[in-house]
Every structure is written in structure tokens, then in C-alpha cells.
Amino acid sequence: MEQTNPLRPDGESKGGVLAHLERLETQMSKSCKQSEEPQSVQAQEGALGTKIHKLRRLRDELRAAVRHRQASVKASIANVEPNLAVEMSEQEVLEEKLENVKAVLQAYRFTGLSGKLTSRGVCVCISTAFEGTLLDSYFVDLVIQKPLQIHHHSVPVFIPLEEIAAKYLQTNIQHFLFSLCEYLNAYSGRKYQADRLQSDFAALLTGPLQRNPLCNLLSFTYKLDPGGQSFPFCARLLYKDLTATLPTDVTVTYQGVEPLSTSWEEQRASHETLFCTKPLHQVFASFARKGEKLDMSLVS
Amino acid sequence: MDTELAEVRALQAEIAALRRACEDQPAPWEEKSGVQKSFQAIQQFSSEGWKSSKDLKSQLGHLESELSFLSTLTGINIRNYSKQTEDLTGTEMTEKSIRKVLQRHRLSGNCHMVTFQLEFQILEIQNKERLSSAVTDLNIIMEPTECSELSEFVSRAEERKDLFMFFRSLHFFVEWFEYRKRTFEHFKEKYPEAVHLSEGPSSPSMVIRSASQPGFELVIVWRIQIDEDGKVFPKLDLLTKVPQRALELDKNRAIETAPLSFRTLLGVLGIEAALESLIKSLCAEQNG
């Protein structure tokens, strides 16, 4: 019997192994046929023993062949993997960088100004806030061309956008945006104060709050003791400086017929000062607290 | 005999199975299923990977230019940002359809030579009518810490929880700071003997001396102030150091009124021209 090595390299192996197996099989079947011929029992036993021997050898060779093929498959996959590992980690690095950049872009809204590049230029987003409360955002879509143009925007019509643009847009975009930021933040802040007054302190108002869209002219009547007998005060707040959230002119008048007593006159004057120096809703919050104190004193 | 026959049959069966296994398992270079499928999958992944890697690179480039624009616009360079969200909605609140969420933000970066690290919390309350968002806590760490004007401003921003004011004022403060530094450096270069900067170009004051007139000194103190509303403005003052004898001779009280005159001069000429005229006046002999 030839001792051919079934594990010949590469392309020949398939033919090699199978061919070898076929040869062995042929030999087996031959020896089987031979063993089928009538023989003495002893001769048969001997033949059977040899057959088993040969079969065992064939089986072992086949097992080895299968194992070898498994091993070489694993090896070739392993050859591919290292390169894959390098490519993937480059991708992972890029992905991580991308995530970081996206996060930082998100964070810019906390500076009050953020934006996105567009095909034509840039769309800037202005965020507003008042004393820690985050309020509305507005956007301005700029088209980069000569001259620089505002394509569209969400700035309310009563904000002097054209004026500000005429002053700064062509010479200094930053100045234009910062100036617009000032106006929008101030407007947001005034609006917020008026809204809070209406929603939180309606009990102290004796009539509706009158306001203009720009929220720089407010007029209302209020009473410190809602159930009480005194006449209400009438307040008029004018915010001449559109970049400010506190009024420039305040008048508090008394609506009664009889002249005010000294203590009431003092109160009226102090209210005028309060409205000039503190945000509207905070002034009313202090009124409400004082009212509570008064009640407590009545009880005791 | 029987056992041997049984063994023969078993061996033959095993051999048949092994032969099948040999045929089924393709060599790696063969175009068959199993390994090739996974191999193809790997190939596809890597080619898609290259495609998306190109996409990633162009996406990254686009976003980085967006970032550079924002950084130039706001004057603020944010390097890192992270956020955590905590849902504080209790069962009672869910019944009334109120939702409460606490966000914890952390960001760090720099504005020229000033680096900052902010940690703040935003509480979001959503009820049927509206969504309200408020900053509930603000902590700011800044370096360098020596600037006293800055530290006062930082505490005010923290108290008011005013993020926007913090960033905007920081930007303008740094702009003024850099301008002051450039101006002082310029004069030091132009008049090296006359001009003295005690703490280097970043110092808040500039001293003008003339070698030919010892005992006379003009000190220009240039402070950068941030007011209650976060508005940044420069405040320049002139201090004079004059020998006693000169004071006695000064009938017109020019020295006494110098600080006031300086303010007027500033208003008329602007900072640079005013400073230059002061230097020239003291060093007139040297330059003449």
C-alpha cells in the first residue's frame, strides 16, 4: 500500500485527500470482498482483524484531515482579522470625535448664541433668558453674499431689526448679533415679568393688565389688601431703554377722591421706587408677603 | 467475531461521516458558504466602513467648521460638554400630568488666556399649560484666579444664575484685556526708556518716567470694570508723582487738575492718542 501523504499543500489537497480516501476505500472494499470469500473461520478472523486495523487507520487519517482543514480555515480568518481591527479603530476614533463635536455644538446654546451652517450662509439662533429662567429662542438666517442679507428670521416685528442691521450688519456681524441679543433678551425679560404678574398675582390686580406688544409700556391698578376698603393704586411703567428690563419712568397714582394720608403717601412713593429698581413680579411677591404679615398681625 | 463485525460497521459509518465532513468543509480559498459568507460579510463591512469613514470624515469636517465659526462669533471656545438627565417626576405628579426633569450640565473651555469650567443644573417642569426651564444651580471655576475684577463678576453671575451674561461679559472683558495688553506693549516698544510696566504687559498700570526729570512720574491706571448688568467698560485714571518743590512752583495747579484733564483728554483723543500725548509731554526734552 502506498503511503501517500494526504496533506499535500493547497490546491492539490482536495484532490489529494479525497483521492487518497477513495484509494483507501477501494482497498477496503477489495479487502472486504476478499474477506467475503469463503475462508476458514480463523482465516476470516484474521482477515477481520486486518480489516479493522485498516479501517481504524483510514478513520484516523480522515479525522486528521478534517482537523487540518478546520485549522487552516481558522488561520485564514485570523489573517484577515488584524487588518480589520486597524480599520475599525480608525473608524471608532472618527466616531468618537464626531460625537464630541456634536456635543460641543449643542453646548453653544448656553452662551446665548449658536447656529448652523447652511448652504447659503449661516442660521444663527439667539437664546433669551431672564434671571436664570430660560425663555424663547429666535433665529436669523443670513445669506453670505455682498451685501450680507437676512434671508428670513423669527424676530418679532416690533423689535427694530432693520435699524440694527443698517448700523452693523455689513461692517461687523458680531456687533449686529450681540446688539440684537440685547434687544431680544430685554424684550423677553419684560414680557416674562408682565406674564408672571398676570398669572401669579391676579388677586392683587383690580383690573386687567394693559400692555403693548413690545412690553415697554405697562399700565395696571392694584391693591395691597384686596378685600380692604382702600382705593387702588394706579401704576404706569415706561421702559424707554429697549435694552433694559427695568422701567425708566414710573408713576404711581392714587385713584381716590380724598387726599392720601401721610402713611399712604409714603407707601405710594416707595412703590414708585420699588418698581424702578426691582423686577415687576418680585415687587408683587414682596407685596403678597407683606399682606401675609398684615394678616398675621390681625390674628394676634 | 460479532464484536469485531460490529466494530467494522461502526468504523465504516464513522469513515463515511468523516468523508462527508471533508467534502462539506471548504478550504478558505474555496467559494463556498459558511466561512465565505462570514468572510464576505467582513469584506462588506469594511467596504461600507470605508464608505462611512469617508462620510464620517466629511461630516466631521463640516461640523468642525461650524464649531470654528461659533467660536469666532461668540469669542468662546468650548472644548468639552457632557450632560446627565434625571427624571424627578413622582407618581403624584404623573397623575396631574406634570413632569419634572433635572439636567446636569458640565462644560469647559477657554476664552483666550482664561479657562473656565462650568457645572450647572437646569430644572424643567412641564405641566398642561407650559414648559418652564430654569437654571437652579451654577458653579463657575476660572483660571487665572488673580483678576479681582473677574472674581467679583463671577460670583455675581453665579448668584444670578445668568449663563448668557457670564459668557458675553467674559468675551468683552477678555477683548479689553487683550487690547490693553497690546496698547501697553506698543508703548513699551516705542518708548522703552520712558515706559515701565511693573507686572509686564498684563499689568493694569503703566508708569511713565523721564530720565531727564527724575522724581516725576505719571501712572496710568487702566481698569476693566464689569457693572451690575454685565456691561464691560474701561476706566482709566491718571496718578501723578511730583517732587514737593515742583508742586510749590505749580501756580496754575496743573498737577492738581491733571487727573481731571486726563479724563477730558481721553474723551477727545481716545485712549491711545491720550497716552501717547502724555508720554510725549513728559519726555519732551528727549524727543525734542
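The values are calculated or read from the model by the stated rules, or taken from the named source; none is laboratory data. Because the structure is predicted, anything quoted here is derived from the model rather than measured. Note that we place each Cβ from the backbone using ideal geometry, even for glycine, and neighbour counts take in every protein chain shown.
Structure values in brief
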item	result
Members of region A:92-129 found to be under 17 Å from A:Tyr187 (Cβ atoms) and more than 9 Å from chain B (Cβ to nearest Cβ), listed by number	A:Cys125, A:Ile126
Output for region B:243-260, where each listed residue is modelled with pLDDT of 85 or more and surrounded by 12 or more Cβ atoms within 10 Å (Cβ to Cβ)	B:Pro259
Pick from region A:194-226, criterion more than 21 Å from A:Arg289 (Cβ to Cβ) and surrounded by fewer than 19 Cβ atoms within 10 Å (Cβ to Cβ), ranking: modelled with the lowest pLDDT	A:Gly207
Single match in B:Val221, B:Val207, B:Val242 (criterion: among the aliphatic types (A, V, I, L, M) and in contact with a Pro (Cβ under 8 Å, 6 or more places away or on another chain))	B:Val221
Unmet requirement for B:Leu138, which otherwise passes all of (1) without any contact (Cβ under 8 Å) to a residue 24 or more places away in the chain; (2) buried (at least 17 other Cβ atoms within 10 Å of the Cβ)	(1)
Residue match in region A:182-193 (condition: buried (at least 18 other Cβ atoms within 10 Å of the Cβ), at pLDDT 95 or above and touching a His at 6+ places or on another chain (Cβ under 7 Å))	yes
Number of the condition not met by A:Leu135 [criteria: (1) surrounded by fewer than 16 Cβ atoms within 10 Å (Cβ to Cβ); (2) within 11 Å of chain B (Cβ to nearest Cβ); (3) in contact with a Phe, Trp or Tyr (Cβ under 7 Å, 6 or more places away or on another chain)]	(1)
Single residue of region B:69-93 satisfying the filter (part of a strand (DSSP E or B) and touching a Lys or Arg at 6+ places or on another chain (Cβ under 6 Å)) that is nearest to the other protein chains (Cβ to nearest Cβ)	B:Ser82
Region B:95-122: number of residues that are farther than 30 Å from B:Thr72 by Cα and surrounded by 14 or more Cβ atoms within 10 Å (Cβ to Cβ)	5
A:Thr273 vs. criteria in contact (Cβ under 8 Å) with a residue 24 or more places away in the chain, of a type in the set (S, T, N, Q) and either surrounded by 15 or more Cβ atoms within 10 Å (Cβ to Cβ) or closer than 24 Å to A:Glu131 by Cα (or both)	no
